[in-house]
Amino acid sequence: MLFGMMSVGKTVFVGTTPGRVLLLRPPTDHTDSIANPHPGIEQWVIRDWDEMTQAHEYLRAEGYKEYDWVWLDSISLWQDIGLDDIWQATKDNNPARDNKYSGKDKGEYGRNMDRLLEWVRQTVALDLFNFGITAHPTDKLNDPTGERRMLPWVQGKGMSVGVCGMMTVVAYYEVRRKDGETYRLLHTETTDDVYCKNQYARPGKPWLPLKNPDMPFLLKKIEEVRGKPANQPVQKAKTRTRPTSKKGA
């Protein structure tokens with residue numbers, strides 16, 4: 001998961017992803033910033049929950065054979081499109097709600113939150129391709145220590161934490177300017193300002209911020225830890241079936 005302010009270059013970063021790449025985006029997000037997309041990148045504009053569900057079903061049934069990477073760019077803007085779709089369905093079902101004194105309430109927001117978290121959960125659980133998400137940052141949030149840090153922006157209580165919990169990396173992307181030089185930094189370790197997550201960093205060996213990175217550079221860092229290309233799955237631990245208890249045991 002990659003998050004950062006608007007115009008920092010998240011989509012440009014996504015555009016450097018090697019291999020066969022599917023980019024899912026709402027109509028309010030754009031890919032014009034990817035100046036020279038390589039021929040392996042394909043994008044789908046997702047306009048409502050029906051199309052979002054169809055995208056998941058396609059990836060589950062056969063799409064995983066076609067793509068090495070799937071990106072949702074961005075979850076922060078998609079959630080508004082999803083909410084509009086749910087609100088339209090509410091008005092179609094109950095025209096009385098469509099007046100200047102009424103608007104979206106907890107029901108619409110709750111359904112949108114449930115669908116979004118379920119979609120991410122079920123997509124991650126497929127475990128058939130590499131999956132990435134971009135997001136805008138939240139305002140700073142209080143944590144139990146009293147510190148205030150930013151998370152990716154996913155609307156609803158517990159949503160940001162829930163989505164981040166399913167990621168292996170949550171990285172913050174920012175622009176820095178120093179001595180006349182403009183450059184970008186990718187943070188994969190929590191700082192005083194932002195929460196990050198990096199399951200590839202070994203205990204006691206945090207990653208330093210990566211200067212002007214792209215996806216091949218990040219994948220190479222991951223590969224160094226895994227000992228195999230980042231696009232290949234890690235050998236999974238063997239799963240044992242719990243034996244059924246015998247009668248009278």
Pairs, first touching a residue at least 12 places away in the same chain (Cβ under 8 Å) and more than 16 Å from Ala135 (Cα to Cα) in region 110-124, second in a helix (DSSP H, G or I) and basic (Lys, Arg), C-beta under 9 Å, six or more apart: Gln122/Arg60; Thr123/Arg60
1 or more residues over 14 Å from the mean Cα position of the chain (by Cα) and not polar (S, T, N, Q): qualifying strands (runs of 3 or more DSSP E) within region 1-79: 21-25, 41-45
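Quick check, is Met113 under 22 Å from Gly15 (Cβ atoms) and either within 12 Å of the chain's Cα centre (by Cα) or not in a loop (DSSP other than H, G, I, E, B) (or both)? Spell out the reasoning first.
Working: under 22 Å from Gly15 (Cβ atoms): no; either within 12 Å of the chain's Cα centre (by Cα) or not in a loop (DSSP other than H, G, I, E, B) (or both): yes.
No: the conditions fail for Met113.
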Some residue of region 14-27 being closer than 23 Å to Asp84 by Cα, of a type outside the set (A, V, I, L, M) and surrounded by 15 or more Cβ atoms within 10 Å (Cβ to Cβ): yes
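Within region 147-154, is even one residue touching an Asp or Glu at 6+ places or on another chain (Cβ under 9 Å), of a type in the set (Lys, Arg) and loosely packed, with under 14 Cβ neighbours inside 10 Å?
Let us first name the residues in region 147-154 that are touching an Asp or Glu at 6+ places or on another chain (Cβ under 9 Å), namely 147-150, 153.
Then keep just the ones that are of a type in the set (Lys, Arg); that gives 148-149.
Then keep just the ones that are loosely packed, with under 14 Cβ neighbours inside 10 Å; that gives 148.
Yes: one or more hits.
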Candidates Lys205, Lys221 - the one that is modelled with pLDDT of 85 or more and over 23 Å from the mean Cα position of the chain (by Cα): Lys205
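The values are calculated or read from the model by the stated rules, or taken from the named source; none is laboratory data. Since we're looking at a predicted model, the values are computed, not measured. All Cβ positions, glycine included, derive from the backbone under ideal geometry; neighbour counts span all protein chains shown.
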